[in-house]
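This report refers to the structure that appears directly beneath it.
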Number of protein chains: 2
Amino acid sequence: MSNREANYIKKLRNSGLRPTKQRIKICEALFDRDKTFHFSISDLMKIIKNLHNEKISLATVYNTIHAFQKKGYLKEINLGNENSFYDTNTSLHHHFYDEQTKELIDINSEEVELKKIPTPPSGKKIEDIEVTFKISKNI
Amino acid sequence: MSNREANYIKKLRNSGLRPTKQRIKICEALFDRDKTFHFSISDLMKIIKNLHNEKISLATVYNTIHAFQKKGYLKEINLGNENSFYDTNTSLHHHFYDEQTKELIDINSEEVELKKIPTPPSGKKIEDIEVTFKISKNI
DNA sequence: GACATAGTTTATAATAGTTCTAAACTATAG
DNA sequence: CTATAGTTTAGAACTATTATAAACTATGTC
């Protein structure tokens, strides 16, 4: 068993998730990466298919992604496509988004600073700030 | 014919859209308002149903909203619900969003100022900046 | 290791939002 | 008034997602 695999097993157990072989494979597909990773469920299905000859059922992929999201290992991002996207970068951060190419690029939170912040409606507090910079080809 | 109706007819014609009675009714439902308006297609269907006894088919509502969006009279907003939302405020602006209550509140662009803006990837330029302040009940 | 059990996976059905299709209808120009 | 291109419509088709319920499996206990 690889070091990484053992680590996933430990993390899954610590989160109250049983380390099944499907979950470990999904961990490998998602987190064995240098950069943070953006994906849709259908992206992930394809990646799993290519990575292992064995397949994981669609329902399991949905279940697992939702479980990982609930445990805070994934963040859902909303770009207005018809389908949901997920981000392995769960820290506070921002995005460049190219609507043409559907490219999504992470921006570290230090790269963006707000000078003026509006006062929230009474009885509410600001929980999170997300800035999306819509970009396009520079002709 | 009301003043407003005549105005909608003119605007539709100027945009290259034939002023059909369905489109005029949809204009009334959307734009006869003081405040900017946020809605989903199903919201709009209900509103039309209540406003007039006559119904407009779902396909027409979709067609019309898409046409209005293409002409720049509506802006799509992405909140990560399963369905699309639209905003009659097409100017550059930002939002408060309460995920619990699904409340969405417009923020004028003057209320938000950015001190530091990241440099876009080479060959790309920033087209638009959207800031979402996620809010929640202040306990 | 065998067993019970609670958690998990799976194929499939069901649902929801949206888009497509093709026929009927209508605004508009000539 | 007529021709035509644009529009509306019901319903089918499609896509993403969630629900269902039966088979399977990780885990703790003996």
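The values are calculated or read from the model by the stated rules, or taken from the named source; none is laboratory data. Quick caveat, the model's predicted, so the values are computed rather than measured. With ideal geometry, Cβ positions are generated from the backbone for all residues, glycine too; neighbour counts draw on all protein chains shown. These accessible areas exclude ligands, DNA and RNA; they are computed on the full protein's heavy atoms, side chains included. Shrake-Rupley method; radii C 1.70, N 1.55, O 1.52, S 1.80 Å.
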* Asked: Which links in A:K71/B:K115; A:K75/B:K70; B:K21/B:K49; B:K35/B:K75; B:K75/B:K137; B:K11/B:K35 stretch past 22 Å when you go from one Cα to the other?
  -> A:K71/B:K115; A:K75/B:K70; B:K75/B:K137
* To do: Please report, in debye to the nearest 20, how large the charge dipole of region A:13-139 is about its Cα centre when each Lys and Arg carries +1 at its beta carbon and each Asp and Glu carries -1 there.
  => 600
* For chain A, state what percent of all Cα-Cα pairs lands in each successive 5 Å bin, counting from 0 Å until the bin that includes the largest distance. => 2, 8, 16, 19, 18, 14, 11, 7, 4, 2, 0
* Structure fact -> Copies of A:E111 compared via label points 7 Å along Cα→Cβ give distances in nm, shortest first, of 2.7
* Structure fact -> So the pair-distance distribution of the protein assembly as shown, from every Cα-Cα distance in 5 Å bins, comes to percents of 1, 5, 10, 13, 14, 13, 13, 12, 9, 6, 3, 2, 1, 0, 0, 0
* **Inter-copy label distances at A:S91 (7 Å, Cα→Cβ; nm, one decimal)** => 3.7
* Can you check what the net charge comes to around B:S40, using other residues whose Cβ is under 15 Å from the Cβ of B:S40 (Lys, Arg +1; Asp, Glu -1)? => -2
* What are the label-to-label distances in nm, one decimal and shortest first, from B:T60 to the same spot in the other copies, with labels 7 Å along Cα to Cβ? -> 5.0
* Taking the convex hull of the Cα atoms, report for region A:91-135 its projected area averaged over all directions, in nm². => 4.1
* With an 8 Å cut-off on Cα pairs and a minimum separation of 6 or more residues, tell me the relative contact order of region B:39-130 in percent. => 18
* To do: Compute the Rg/Rh shape ratio of region B:3-85: radius of gyration over Kirkwood radius, all on alpha-carbon atoms.
  => 0.94
* **Rel. contact order, % - alpha carbon contacts under 8 angstrom, at least six apart, region A:91-135** => 51
* Any idea which of A:H94, A:G123, A:S109 is furthest toward the positive side of the dipole for region A:91-135, if Lys and Arg beta-carbons carry +1 and Asp and Glu beta-carbons -1? -> A:G123
* **Residue with peak Gaussian network fluctuation, chain B [Cα springs, cutoff 10 Å], from B:I47, B:I129, B:I65** => B:I129
* Please state the charge dipole magnitude for region B:14-87, taken about the Cα centre, from unit charges on C-beta atoms (+1 on K and R, -1 on D and E), reported in debye and rounded to the nearest 20. => 300
* Asked: Could you give the semi-axes, largest first, of the ellipsoid that matches region B:54-109, computed as the square roots of 5 times the alpha carbon gyration tensor eigenvalues and rounded to whole Å?
  -> 23, 16, 9
* Using a 1.4 angstrom probe and counting only protein chains, how large is the accessible area of A:Y8 in Å², to 10? -> 20
